[in-house]
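The values are calculated or read from the model by the stated rules, or taken from the named source; none is laboratory data. Only a predicted model underlies this, so the values are computations on that prediction, with no experimental measurement involved. Here the Cβ is made from the backbone with ideal geometry for all residues, glycine too, and neighbour counts use every protein chain on show.
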Amino acid sequence: MTKTNRSLRTAALLAALMGGVALPAMAETPPNMLVIANRIDDIKTFDPAESFEFAGADVSRNVYEKLVNFDPLDLDAGFQPELAESWEVSEDGTVITFTMAEGHVFASGNPVTAKDAAFSLQRAVKLDKTPSFILTQFGFTPDNVDEMIKATDDKTLVVTLDQKYAVSFVLNCLTATIGGIVDMETVMANETDGDMGSAWLRTNTAGSGPYKVVDWKPNESVLMDLNPSYGGETPAMQRVIVQHIQESATQRLQLERGDIDIARNLSPEDVASIKEQDGLKVVDELKGRLMYWSANQKKEMLTDPKLLEALKWAVDYQGMADSFLNGQYTVHQAFLPLTFLGALTEKPFTYDMDKAKAALAESGYPDCGPIEISVREAQERMDIAQSLQNTWNQLGCDVSLIVGTGAQTLDRYRAREHDIYLGAWGPDYPDPNTNAGTFAVNPDNSDESGNTGYLAWRNAWDIPEMTQDTLAAVVENDTETRAEMYIELQKQHQQVSPFGIMFQQIEQHGMRENVQNFVSGGATTAASYWVVTK
Amino acid sequence: MTHQTLRDWLLTDTPQSRRQASAAAWYAGWLKLKRNTLAMAGLIVLIALILGALCAPLLATQDPFVQDLGARLLAPGTDGHIFGTDSLGRDIWSRLIYGARISLYIVALVAVVAPLLGLIIGTVAGYAGGILDVVLMRFTDIFLAFPRLILALAFVAALGAGIENAVLAISLTAWPPYARIARAETLTIRNSDFIHAIKLQGAGPLRIITRHVWPLCISSLVIRVTLDMAGIILTAAGLGFLGLGAQPPSPEWGAMVSEGRKYILDYWWVATIPGLAIFTISLAFNLLGDGLRDVLDPREAGK
Amino acid sequence: MPRWLRKLLGTVLTIAITLLGLLFVTFMIGRVMPIDPVLAVIGERATQAQYDKVFIELGLDKPLISQFLIYVGDVLQGDFGRSIRTGQLVSDDIKRVFPATLELATLGTLFGVFIGVPLGVLAAVYRGTWIDQLARLVGLVGYSMPIFWLGLVGLLLFYGILGWVAGPGRLGVFYQGIVPERSGLLLLDAAIARDWTVFKDAFSHIILPAGLLGYFSLAYISRMTRSFMLEQLSAEYITTARVKGLSEWNVVWRHAFRNIRIQLVTVIALAYANLLEGSVLTEIIFAWPGIGQYITTSLLANDMNSVLGGTVVIGTIFVGLNIFSDLLYRFFDPRAK
C-alpha cells in the first residue's frame, strides 16, 4: 500500500474522531474547589508594596493579612482588628500604638510579629512604588520611616505620624492592599541586589492569610491553595482557581455548562438570561467605581459655567442606566461612592433638553463649539461616549470622539490635552479622602508641578479654597462632623466643578445556585474567598 | 455600426489594426469569463454592492447614526428594521449599506497605494541593479518576514486608529509582493532592444522608468491586485474588529461584528449579519479574481 | 573557500540582516508609538518622582540608537528583557505561550494537509466536473471567511448550542496542572503521561480552533495541489503510462502524485508558516494563550520588550521555513538547478 493511501486512511480516522468528540452536557466543579472566571490580565505582581490592580487586590486580600481589616460578611461595620488586636492613640493624635494579636502564622510556619509588620510597612515606603502614596501621605519617607514605624518588641508596633489625622483615615488606609504584612524572614531570604525581595514577591507569596498562590500564568489563571498554617477557621474551599476569560458571552457559556462556579464580568444581556435559568443566580454588589466626564479648563469655551451646566443637563442618565448599562451602573452624581462615609445621594441633574438649551443660551457660547471626547476603546465607555455625542449634538455642539487604547487616552489626559475626557475612577483606599483628595484638591495648577495624581489638576481646575476645605476634613476626628463636611463639599462640587459624575458601578456576579457567601468586597475592599461555601 | 458587425469586428481572425487586435483579445477574454458562472455571480454581487454604496442615502431606511435606546436589539423584521437594530437601537440594514462605502473606500485606496509603492521600489531596484537593488530587496525581505497582521496592528497603533491610518498600515504590509513582481518584470524589460534604443536617444533613467517600464509592469500588477482584494477586505475588517480601523460611530463592518459579539448569545443577528456581509463581498471578489486568473493564466485554467 | 561554504555564509548573513532589520523596524515603531511605556509600568496614580525613576530604569533617557544597540546586545546574550505587562522575563513568557501556538498551527496544518491534498488531487483528476467546482468553491469560501467571525459563530454553535466541543482556552480548569509539563504541547504531554482524560479534554478544546485554521490552509493547499497535479497529468509520461494500461489509481498516485511531493512539501511549509503568524485573531476569539495573542495584547499596552521578543521568534521561524522550502525546492527540482 502506498503512503498516500495510508494518509488518506488517517484522514478518515481523524474525521471520525472529530465527529465523535462529545462532552457530557453538564459538568460540575469539585465540591471543595472554587472556579471563577474574571478578567485578570491586569495582574503584574503580587507584591503588596507594588500591586495596585483590581485582580491583584483580590489575590492579595486572600493571601496577606493586615493590621486591621474588613469582615467580608459585614463590610458596613468598617475596619476590624486582624493582626493587631487593639490600638491606642496618643493625646496629640500623632502616635498610634498597636498591640499584635496571637495565633497568626505565615505559610512558612513563622509566627507573625510586630517586626514583620514594621518591616512590611517600611518596605512599602522604601520601595516607593506607585501605591506608596497611601502610606507616605502621613509623612513617612524612605529616610525617616525606620524611626516613624517601629516594632518595640514582638507584640508592639509604634507608628508616628507627621501631624494629627482622623484615626479612621489612618486605619482605613492600612486596610488597603499596601497594608498587607509579609513574612520578613522568607522575603529577605529571597532578596536579590538589595531589592527587599521585590523580584521574588512578584510571582511568589509569603503571607499569613487563608490562601497561598501556587501557580500564576499571566493572562491565563491564578491558582491558590490553602495556607496550611492559617490561624483562622479552615475555609471550605481548598483550592481557588481564577481563570482569565475576556468575553462575557464565554463566561456565561462556561457558567451554564458548569465549567465554573462564578462569572464576574457579565453584560446586562447575559445577566438577564442567567436570571432566568434554573440552578443559576445573580448577586449584585455596589462597587466603588465612578463613571464621569470632565472638561479641560485650559479650553476657553469649557470654562463657561453655563455651558458646563448645559452639558450636565444634556446627558441621558436614566436612559443609559436602563439600556446598555442596565444593572451594571446606577445613576450617581457625587464624587464619593455610595456606602462611603459622607456619600451624597442627591442627584440634581436629569436629562432635560429644555433646561440644557436655556443654560446654553445664557452662556457665552450659545452656538457651542466643536468638542472632542477622549475615550478609550472599551465597550461600555464607547457606548456612553456615543450617547453623550448624540445628546450633545442635539444641543448644537459639534461633538466628535477621539478613541484610543487605554494608555493613549490616559496620556492625553495627563498631558491636559483633551477637551472632554470620559473616564472611570475607583477609590484607592476605603476612606472619603481617596476621592475628595483628587476630585476636589489641586495644590498647584501650574504645568511645571506635573501634579497628575489630582484629577482637578488634570482638568486644570484651579480651586485654592476648595482645596483648603477638603484638607480640613482629613484631620476632623468627629466622624459625624467629618461626614457633614464631605456632603457640603460634594453639593458645591456638583454645581461648580467641570466634572460630570454620572454613574456608580454595580457588579453583577453570575453564580451557580449552590455558591454561598461570595463577596467581591463592595466599594471598599476586594474579594474574600475564605468564607465561600457550596 | 450594428451590434452584429461589432461582434464580427471583435471576433475576426484577421485584425486590421493593433487596436482591433487588442480589443479582440479583451473581448475573447470577456466571453470566456462570461461562461464562468461563479465569476459572473461574483461580478454581479460586486456591481450590486457598488451601486448600493453609491445610492446609500436612497436605500437606507434610517439615518445609520441615530440612536434610539428604546428600540435596541430588535430582531430582524420588527418595526420595519429588515436586519433588526443594534445595541444602541440603530438600524442594522442602514448601517450595512453605509458601511459598504467604507469597505469599498478602503479597498480602492489600498489597491492604489500598495501596488504603487511596490511598483516604485521594484522598478527602481530592478532598473538600477547593483548595491541599490540588494539594499531595496533586503528591505523588501524584512517586510515579508513580518507577521502581516501584527505589522499592520503595530503601524495603526503607532499612527493612531482610523480609516486612513488603517489604509496606510495595510498598504505598508501589502507592498512587498508587488515590489517583487515589478522587479522581475523590470529585469526582463531592462535588457530589451527598445530600451537600449530609447537610451541611445538620450532618455534619462527617470524618464525610462516612468514612461517605458511602468506601463509594461502594470498589467501583471493589476491581476495580482484583483486577487488580493478579498485579503484587503478581511485585513481591514480584522483591524476594525480589534478596534483599530474605522472608529465609532462609523458603521464599519468589522467594528460592527466586534460590537455585536457581546450580544451573540441572545441577539445573534447583531454580529452575524455584518459578518455575513464581509464574507459575501470578499467571496465575490475571490470568485471574480479566480475567474480572471483562469482567463489570464491559461495554465491554471479548468476546462 | 569552497562554493557551498560561501553560499552557506551568504544565507546566514542574509538571515542575520533580515532579523536585524525586523528588530529595528519593530523597535522604531515602539518608540514612535503614542503610548508612554513608563505609564504602562507604574499606572496612572504614580507621582512625577516615581515616573522619572522608572524613565531612567528603562533607559529611555539615552539616545535612540544606543537604546537599540543595548537592546540588540542583550538579545544576543539571550536576554529579551522583562515584560511590562506580566512582570515576567520575556523569554519565560515566550516559553509559555509559544508551544500553545505551535500545537494549534501544527494540528491546523495537519487538517489542511489531510483534507486539502486529497481534495486537490481529486479536483485535478476530475477536472472541470462538479467535483472540481465543489473543491474550488470550498477553497474560495475558505479564503473569504473573516476568521474572527467564523470563530464566534463556531463557538456559539459547537460549544454553546450543540456542546460537541469544549470552550475557549487550552484545558478545562480542573484538569490544569495534572500532567507534568515536558514539551508544553498539551496533547503530547498528556499522551506521554498516558493520561487520556486530560488528552481528551485538551483535544476537545483544540479541535475547533485548529479545524478553523486548518480550513484556511486547506484552501491554499488544495489549490496548489490541483495546479501541480494538472501539470503532471498533462505530461507525456502519464500518457505513456496510460497507454501501457496501468490502472487510473496507479497512474494518479504512483506516478503523478509521486512527482509533486517535493513541491507539496514546500507549499505545506509555507502554509505552516502562515498559520503560525496568522493565528492572531483565532487566538483572541478562543482565548488561546498563544504567541499571537501575546504579541497583540502587548502591542496595545506598548509593552515593547514582549512585542520585540515575540516578533523575533515568529520572524525567525517564518524566515527559516521560507529558506527551508527554498532549499528543498532547489535540491530536488531538476529544473531549478
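Numbers below:
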read-out: A:L401 being touching a Lys or Arg at 6+ places or on another chain (Cβ under 9 Å) and either in a loop (DSSP other than H, G, I, E, B) or under 30 Å from C:M304 (Cα atoms) (or both); value: no
read-out: Condition check for A:E480: surrounded by fewer than 16 Cβ atoms within 10 Å (Cβ to Cβ), out of contact with any Gly (no Cβ under 9 Å at 6 or more places or on another chain) and modelled with pLDDT of 90 or more; value: no
read-out: Some residue of region A:414-427 being in a helix (DSSP H, G or I) and either basic (K, R) or surrounded by 18 or more Cβ atoms within 10 Å (Cβ to Cβ) (or both); value: yes
read-out: Tally of residues being more than 11 Å from chain A (Cβ to nearest Cβ), surrounded by 19 or more Cβ atoms within 10 Å (Cβ to Cβ) and within 17 Å of C:L212 (Cβ to Cβ) across region C:154-182; value: 1
read-out: Checking C:F114 against (1) touching a residue at least 40 places away in the same chain (Cβ under 8 Å); (2) away from chain B (no Cβ under 14 Å); (3) surrounded by 18 or more Cβ atoms within 10 Å (Cβ to Cβ); (4) not small (G, A, S), the condition it does not meet; value: (1)
read-out: Filter result for C:F68 (surrounded by 16 or more Cβ atoms within 10 Å (Cβ to Cβ), at pLDDT 85 or above, more than 9 Å from chain A (Cβ to nearest Cβ) and not in a helix (DSSP H, G or I)); value: no
read-out: Single match in A:T330, A:T345 (criterion: surrounded by fewer than 22 Cβ atoms within 10 Å (Cβ to Cβ) and without any contact (Cβ under 8 Å) to a residue 24 or more places away in the chain); value: A:T345
read-out: Scan of region A:136-183 for residues that are part of a helix (DSSP H, G or I), under 23 Å from A:F70 (Cα atoms) and in contact with a strand residue (DSSP E or B) (Cβ under 9 Å, 6 or more places away or on another chain), ordered by number; value: A:V167, A:S168, A:V170, A:L171, A:N172, A:L174, A:G179
read-out: Residue identified as small (G, A, S) and either assigned to a helix (DSSP H, G or I) or under 24 Å from C:E57 (Cα atoms) (or both) among A:A107, A:A124; value: A:A124
read-out: Failed condition for C:L185, given (1) more than 14 Å from chain B (Cβ to nearest Cβ); (2) touching a residue at least 12 places away in the same chain (Cβ under 8 Å); (3) over 23 Å from C:N274 (Cα atoms); value: (3)
read-out: Test: A:I43 is assigned to a loop (DSSP other than H, G, I, E, B) and either at negative phi or modelled with pLDDT under 95 (or both); value: yes
read-out: Criterion (of a type in the set (F, W, Y) and assigned to a loop (DSSP other than H, G, I, E, B)) met by exactly one of C:W288, C:W249; value: C:W288
read-out: In region B:284-303, residue modelled with the lowest pLDDT [restricted to those that are surrounded by fewer than 22 Cβ atoms within 10 Å (Cβ to Cβ), in contact with a Gly (Cβ under 9 Å, 6 or more places away or on another chain) and within 8 Å of another protein chain (Cβ to nearest Cβ)]; value: B:K303
read-out: Leading residue by the ranking (surrounded by the fewest Cβ atoms within 10 Å (Cβ to Cβ)) among those in region B:259-273 that are at the interface with another protein chain (Cβ under 8 Å from one of its Cβ atoms) and of a type outside the set (D, E, K, R); value: B:W268
read-out: Entirely in region B:1-79, the helices (runs of 4 or more DSSP H) that have 1 or more residues that are in contact (Cβ under 8 Å) with a residue 60 or more places away in the chain and farther than 30 Å from A:Q318 by Cβ; value: B:18-35, B:37-54
read-out: Close pairs (7 angstrom Cβ cut-off, 6 or more residues apart or separate chains): closer than 16 Å to A:T141 by Cβ and free of Cβ contacts under 8 Å to residues at least 24 places away in the same chain in region C:44-64, among the hydroxyl-bearing types (S, T, Y) and crowded, with 16+ Cβ neighbours inside 10 Å anywhere; value: C:Q50/A:T130
read-out: Which numbered condition C:L264 fails, given (1) more than 14 Å from chain B (Cβ to nearest Cβ); (2) under 23 Å from B:L234 (Cβ atoms); value: (2)
read-out: Residue within region A:223-232 that is of a type outside the set (D, E) and closer than 19 Å to A:D41 by Cβ present; value: yes
read-out: Hits in region A:184-229 (condition: outside any strand (DSSP E or B) and within 14 Å of A:V105 (Cβ to Cβ)); value: A:M184, A:E185, A:T186, A:A206, A:G207, A:S208, A:G209, A:P210, A:N227, A:P228, A:S229
read-out: Hey, A:V496 touching a Lys or Arg at 6+ places or on another chain (Cβ under 6 Å) and either of a type in the set (A, V, I, L, M, F, W, C) or more than 30 Å from A:P268 (Cβ to Cβ) (or both) or not; value: no
read-out: Qualifying residue in region A:164-185 (condition: closer than 30 Å to A:T481 by Cα, surrounded by fewer than 20 Cβ atoms within 10 Å (Cβ to Cβ) and either within 12 Å of another protein chain (Cβ to nearest Cβ) or basic (K, R) (or both)); value: yes
read-out: Restricting region C:86-128 to residues that are part of a loop (DSSP other than H, G, I, E, B) and within 30 Å of A:N219 (Cα to Cα), the residue that is farthest from the chain's Cα centre (by Cα); value: C:G87
read-out: Residue satisfying all of: in region A:126-155; exposed (fewer than 15 other Cβ atoms within 10 Å of the Cβ) and among the hydroxyl-bearing types (S, T, Y); farthest from A:A176 (Cα to Cα) among these; value: A:T152
read-out: Hits in region B:127-151 - residues which are of a type outside the set (A, V, I, L, M, F, W, C) and either under 24 Å from C:M304 (Cα atoms) or surrounded by fewer than 19 Cβ atoms within 10 Å (Cβ to Cβ) (or both); value: B:G129, B:G130, B:D133, B:R138, B:T140, B:D141, B:P147, B:R148
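Okay, residues lined up against (1) under 30 Å from C:A241 (Cα atoms); (2) within 10 Å of chain B (Cβ to nearest Cβ); (3) in a helix (DSSP H, G or I); (4) not small (G, A, S):
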| site | (1), (2), (3), (4) |
| --- | --- |
| C:R254 | yes, no, yes, yes |
| C:A271 | no, no, yes, no |
| C:T297 | no, no, yes, yes |
| C:F318 | no, yes, yes, yes |
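Here's the yes/no breakdown for (1) assigned to a loop (DSSP other than H, G, I, E, B); (2) within 15 Å of A:G342 (Cα to Cα); (3) in contact with a Ser or Thr (Cβ under 9 Å, 6 or more places away or on another chain):
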{"position": "A:G437", "(1), (2), (3)": "no, yes, yes"}
{"position": "A:N442", "(1), (2), (3)": "yes, no, yes"}
{"position": "A:S446", "(1), (2), (3)": "yes, no, no"}
{"position": "A:W457", "(1), (2), (3)": "no, no, yes"}
{"position": "A:N477", "(1), (2), (3)": "yes, yes, yes"}
{"position": "A:L489", "(1), (2), (3)": "no, yes, yes"}
{"position": "A:Q505", "(1), (2), (3)": "no, no, yes"}
{"position": "A:A526", "(1), (2), (3)": "yes, no, yes"}
